[in-house]
Amino acid sequence: MTSKVKLYSGTYKNYSDEIYKAIRSETFGEDIGQNSWLTADEYRNIFSLLGLTNKTRVLEIASGSGGPAVFMSKETGCHLTGLEYDRNGVDNSLKLAEENGLAESMEFIHGDASEKLPFDDGTFDAVVSIDAINHLKNRDKVLKEFFRVLKKGGRLIYTDPIVVTGILTNEEIAIRSSIGYFIFAPLGENERLLERAGFKDIRSDDATENMSSVSLKWFNAREKRKAELLKFEEEDNCNGLQKFFKMVHTLSFEKRLSRIMFNAVK
């Protein structure tokens, strides 16, 4: 039986430690503090698709460490609100915003994005969520909430890294979902739910290559620093994370689980 392992809380808590910085640098090339399958160039493309400017109000769902949010704000000048479930992530985000002189244009809130969002109707010009929607319960309700808080004509972009596009065994599913709560969506289900929520101009693009490449680099970067990592991580958890990263690479490389980017307008 595959045991659950912790990825997010530890990496957020140890965000500034040199070993985790080195792992991010080797994994992503350009380290913007990400803890997903996102690269800086992919995020820049998303900024362009969203049309972000210094007048744009953005809601980032599952803002994580706050690193990508700070990167977005610095690159585009947008005003950003981050919603994050992990308190270590929120604490680190607030610290980064302060250190980068962005505290007045950014806010970070602790909360569960699978519940009713704590914002008025039509508050945001854009909603973005990277590699996190698979952790949120009740996707139909989640997408309706995204729709509600967007202004008319506002745009939603999110990536779903757990789209089923091939045959999977029960063991593969267990390892791939060992880091937390997961929802595995069949191909076409996101589009159906987006349309039901009221979105239009729905577009989907395959972004699996990033996940395949990043997961392998992440595995390798951690493996060569395993002795150092064990000072921060329990051995069973460290080994479990390595199994997780290896499985992510296998399933994405073989295109049995795909990462799809969805782009839609209210």
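Values in this text are rule-based calculations from the coordinates and carry no lab data. This one's a predicted model, so the numbers in the text were calculated from it and none came from an experiment. Reconstructed Cβ throughout: ideal geometry from the backbone, glycine too, with neighbour counts over all protein chains shown.
Please compare each pair in 13/243; 74/224; 74/226 to a cut-off of 28 Å on the Cα-Cα distance and tell me which ones are over it. Table pairs above 28 Å Cα-Cα are 74/224; 74/226. Compared with the alpha-carbon gap, the fully stretched path from residue 191 to residue 253 is longer by 20.0 nm at 0.36 nm per residue. Derived scalar couplings between HN and Hα for the range 217-234 equal 5, 5, 4, 5, 5, 6, 4, 6, 10, 4, 4, 6, 4, 5, 6, 10, 10, 5 Hz in order, rounded to whole Hz, by the Karplus curve 6.51 cos²θ - 1.76 cosθ + 1.60 (θ = phi - 60°), x for Gly and Pro. Using the Cβ of residue 221 as centre and a radius below 9 Å, the other residues enclosed give a net charge of +3, where K and R count +1 and D and E count -1. Counting charges near residue 132 (Lys, Arg +1; Asp, Glu -1) among other residues having Cβ under 10 Å from its Cβ returns a value of -4. Amide H contacts under 5 Å for residue 180: 5, restricted to partners 5 or more places along the chain or on a different chain, H placed in the peptide plane at 1.01 Å from N. 3J(HN,Hα) along the range 158-171, derived from phi through the Karplus expression 6.51 cos²θ - 1.76 cosθ + 1.60 where θ = phi - 60°, amounts to 8, 10, 10, x, 10, 8, 6, 10, x, 7, 10, 8, 5, 5 Hz, with x in place of Gly and Pro. Using a Gaussian network model of the chain in which every pair of alpha carbons under 10 angstrom is joined by a spring, one finds that among 51, 67, 111 the greatest mean-square fluctuation is at 51.
Each residue, residue 164 and residue 200, gets one label point 7 Å from its Cα in the Cβ direction; the gap between the two is 3.3 nm.
From the mean inverse distance of alpha carbon pairs (Kirkwood) and the Cα radius of gyration, derive Rg over Rh for the range 68-128. Mind showing how you got there, number by number?
Numbers: Rg = 11.6 Å, Rh = 12.2 Å.
Using Cα coordinates only, the ratio equals 0.95.
With each label modelled as a point 7 angstrom along the Cα→C-beta vector, the residue 224-residue 239 pair spans 2.4 nm. Between the range 73-105 and the range 150-199, the C-alpha centres lie 26 angstrom from each other.
For a straight C-alpha distance cut-off of 15 angstrom, the aspartates and glutamates reachable from residue 231 (same-chain residues fewer than eight places away being disregarded) are 17, 18, 223. Over all orientations, the chain has a Cα convex hull whose mean projected area works out to 12.8 square nanometres. For residue 159, the shell of other residues with beta-carbons less than 11 Å away shows a net charge of -4, using +1 for Lys and Arg and -1 for Asp and Glu. Whole-percent P(r), the range 1-132, all Cα pairs, 10 Å bins from 0: 12, 45, 35, 7, 1, 0. Of 131, 17, 86, the residue with the greatest mean-square motion in the GNM of the chain, using alpha carbon springs below 10 Å, is 17. Here, the range 74-213 has an Rg and a Dmax of 16.4, 48 Å when only alpha carbons are counted. Residue-wise HN-Hα couplings along the range 235-240, as the Karplus relation 6.51 cos²θ - 1.76 cosθ + 1.60 with θ = phi - 60° gives them from phi, are 4, 4, 5, 4, 5, x Hz; Gly and Pro carry x.
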